[in-house]
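See structure below.
Since every read-out is calculated from the coordinates, none of them should be taken as a lab result. Note that the structure is predicted; figures quoted are calculated from it, not measured. So basically every Cβ, Gly included, is an ideal-geometry build from the backbone, and we count neighbours across all protein chains shown.
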Amino acid sequence: MEDSDEAEMATRKVIFDGLDAAVETGRLTAQEASIAIAASVEAAETDMEIAETFLKGGIRTQFHYANSTQPLGYASINGKDITVDGVTDVLLPKSDVTSIEIFSDGYVSIPTGGVQVGDWEREFERAEAVDFHKTGAFPAVKGSTSVESCDDRTILSAVLPRSVTI
């Protein structure tokens, strides 16, 4: 595939829809899907059944693992009972809190030089420059192409004045 944007979009589709869909549509052969599963098992040092189940269904099946104790389960704030594993609950004295930052997974790295929206955006641009397709330093299923960025980011940043008591 000559066009890197086309390759990027095709790869995203396979990741999202899963290997079974890629085989059904002819994007991959059954042998290529099996090779991908075997490579993933080896790289992740995981159980074949776990990798196969997830990779065949794709990331669109991820919600099945939310707040689950099964392998690949993760904590999620989604209106259901939250599993404790994966959640950090911290109580800090008000005097120790100088900022509160709430951000989405559209940001693949955290700025080290500030807490304001501009700092987050500069870090986003740095990550884009370092790993445009999100296949190296910042591996993710949402890479950028020449016409679109992996832009589904949200940031809420509150800087609290030291003199204010809450």
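At a glance:
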quantity: Helix-only mean residue ellipticity at 222 nm for the chain, each DSSP H run of n ≥ 4 adding -39500 (n - 2.57), per residue, nearest 500; calculated: -11000 deg cm²/dmol
quantity: Around Phe54: net Lys/Arg minus Asp/Glu count, Cβ-Cβ under 13 Å; calculated: -3
quantity: Between 0 and 90°, nearest 10: helix 4-17 axis offset from the chain longest Cα axis; calculated: 90
quantity: Per-selection Kirkwood Rh - segment 37-97 (Cα, Å, 1 d.p.); calculated: 13.8
quantity: Cβ-Cβ FRET estimate between Ala36 and Thr154, R0 fixed at 30 Å, reported to 0.05; calculated: 0.40
quantity: Rg ratio (alpha-carbon, reference 2.2 N^0.38 Å) - segment 72-166; calculated: 1.31
quantity: Dimensionless Rg/Rh of the chain - Kirkwood Rh, Rg from C-alpha atoms; calculated: 1.04
quantity: For segment 64-92 and segment 9-33, distance of Cα centres in Å; calculated: 29
quantity: Segment 74-166, relative contact order [Cα under 8 Å, separation at least 6], %; calculated: 34
quantity: Residue list for segment 121-151, given a label point 7 angstrom along the Cα-to-Cβ vector of Asp3 and an amide N cut-off under 14 Å; calculated: 145-148
quantity: Average Cα contact separation per residue, the chain, under 8 Å, 6 or more apart, as relative contact order %; calculated: 20
quantity: Mean separation of Cα contacts under 8 Å, 6 or more apart, over the residue count of segment 67-128: relative contact order %; calculated: 18
